[in-house]
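Remarks on the structure that follows.
The values are calculated or read from the model by the stated rules, or taken from the named source; none is laboratory data. Treat the numbers as computed from the prediction; the structure is a model and nothing was measured. Neighbour counts run over all protein chains shown; Cβ positions are idealised from the backbone, glycine included. Side chains included, ligands, DNA and RNA excluded: accessible areas come from the protein's heavy atoms. Shrake-Rupley method; radii C 1.70, N 1.55, O 1.52, S 1.80 Å.
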Amino acid sequence: GPMSTDFASIHNHHESAVLEAVVTTHPSYPGVRDEWLPDVACVALNRLPPRYIRHTVDLVFYLSEKERADNERALHDAVAYA
């Protein structure tokens, strides 16, 4: 039945990239406390259209170079805003 289906593999493609960017960018914002970082990540993620996938390779395979660059720029803008 549906409960045995592997839904755990579903995730938003932007999550890991945003979390990494938030951690990497954090030293540039000394006023931001560590415990605020999950909130910063949420604000950034909410500014990006979700891209739900099961396997990262699937998405990377289908993205053009331009889409990849656009995604990268959107992600950095969202993290900077947050």
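Residues in segment 54-66: is at least one out of contact with any Gly (no Cβ under 9 Å at 6 or more places or on another chain), open to solvent by 100 Å² or more (accessible area, probe 1.4 Å), of a type in the set (D, E, K, R) and without any contact (Cβ under 8 Å) to a residue 12 or more places away in the chain? Break it down stepwise before answering.
Just the residues of segment 54-66 that are out of contact with any Gly (no Cβ under 9 Å at 6 or more places or on another chain), to begin with: 54-66.
Now narrow it down to the ones that are open to solvent by 100 Å² or more (accessible area, probe 1.4 Å): 54, 57, 61-62, 65-66.
Keeping just the survivors that are of a type in the set (D, E, K, R) gives 54, 65-66.
Narrowing further to those that are without any contact (Cβ under 8 Å) to a residue 12 or more places away in the chain: 65-66.
The answer is yes; a qualifying residue exists.
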Within segment 62-82, can one find any residue that is within 29 Å of TYR29 (Cα to Cα), assigned to a loop (DSSP other than H, G, I, E, B) and either touching a Phe, Trp or Tyr at 6+ places or on another chain (Cβ under 8 Å) or modelled with pLDDT of 85 or more (or both)?
-> yes
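With respect to LEU37, determine if the residue is part of a helix (DSSP H, G or I) and at pLDDT below 90. If you could, list the steps in order and put the result at the bottom.
Working: part of a helix (DSSP H, G or I): yes; at pLDDT below 90: no.
The answer is no for LEU37.
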ALA8 passes all but one of (1) out of contact with any Leu (no Cβ under 9 Å at 6 or more places or on another chain); (2) more than 27 Å from GLU67 (Cβ to Cβ); which number fails?
-> (2)
